[in-house]
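Down below is the structure, laid out as structure tokens.
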Amino acid sequence: MAAARQSERGRIPPHPDVRAISTQQVLEALVDPVRRRIVGELYAAREDLSCGTIELPVSKSTATHHFHVLREAGLIRQYYVGTSRMNALRRDEFDEVFPGLLRALVTGRARESDAEREA
């Protein structure tokens, strides 16, 4: 049993302490529209989603890169359930350090989508 727990821990990628993340790193992670889309979908879902359930207009390897950038910026936590890599938005932790930023991002993204549909 202990070996199984150790094996699972080995599959969980490292996650930075959100308090150690700079505003610059967060903004650089969110400048890309694909990454904003991932954050928006996780925010709206209010539950953890596997990488494959989020439809992205990029290849699988490029999507992996985007998830990595978001994890390194402290925005998401990743873990495995079986063979699926799950993604959780670190909403509570993030809101403590950057209050209102995620909400503003999602609200702004919704306005962009509305404007695109009207055009």
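Scanning region 73-90 for residues that are out of contact with any His (no Cβ under 9 Å at 6 or more places or on another chain) and either under 15 Å from Val18 (Cβ atoms) or assigned to a strand (DSSP E or B) (or both) gives Ala73, Leu75, Tyr79, Tyr80, Val81, Ser84, Arg85, Met86, Asn87, Ala88, Leu89.
Here's the yes/no breakdown for (1) modelled with pLDDT of 95 or more; (2) touching a strand residue (DSSP E or B) at 6+ places or on another chain (Cβ under 6 Å); (3) of a type in the set (S, T, N, Q):
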{"residue": "Ala73", "(1), (2), (3)": "yes, no, no"}
{"residue": "Arg90", "(1), (2), (3)": "yes, yes, no"}
{"residue": "Phe98", "(1), (2), (3)": "yes, no, no"}
{"residue": "Arg103", "(1), (2), (3)": "no, no, no"}
{"residue": "Val106", "(1), (2), (3)": "no, no, no"}
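The single condition among (1) more than 19 Å from Leu105 (Cα to Cα); (2) of a type in the set (Gly, Ala, Ser); (3) exposed (fewer than 15 other Cβ atoms within 10 Å of the Cβ) that Ala63 does not meet is (3). Taking the condition surrounded by 18 or more Cβ atoms within 10 Å (Cβ to Cβ) and of a type outside the set (Val, Ile, Thr), does Arg103 pass? When the stated conditions are applied, Arg103 does not pass them. All of Ser84, Ser22 fail the test of being polar (S, T, N, Q), out of contact with any Leu (no Cβ under 6 Å at 6 or more places or on another chain) and surrounded by 11 or more Cβ atoms within 10 Å (Cβ to Cβ), apart from Ser84. Residues of region 87-102 that are touching a residue at least 60 places away in the same chain (Cβ under 8 Å) and either under 17 Å from Leu70 (Cβ atoms) or touching an Asp or Glu at 6+ places or on another chain (Cβ under 6 Å) (or both): Arg90, Glu93, Phe94, Val97, Phe98, Leu101, Leu102.
If you go through region 38-49 and keep only what is in contact with a Leu (Cβ under 7 Å, 6 or more places away or on another chain) and in contact (Cβ under 8 Å) with a residue 60 or more places away in the chain, you end up with Val39, Tyr43. Filtered by the rule that a residue be of a type outside the set (Lys, Arg) and out of contact with any helix residue (DSSP H, G or I) (no Cβ under 6 Å at 6 or more places or on another chain), region 76-86 gives Tyr79, Tyr80, Val81, Gly82, Thr83, Ser84, Met86.
The values are calculated or read from the model by the stated rules, or taken from the named source; none is laboratory data. As the structure is a prediction and not an experimental result, all values here were calculated from the model. No Cβ is skipped: glycine too gets one built from the backbone with ideal geometry, and neighbour counts run over all protein chains shown.
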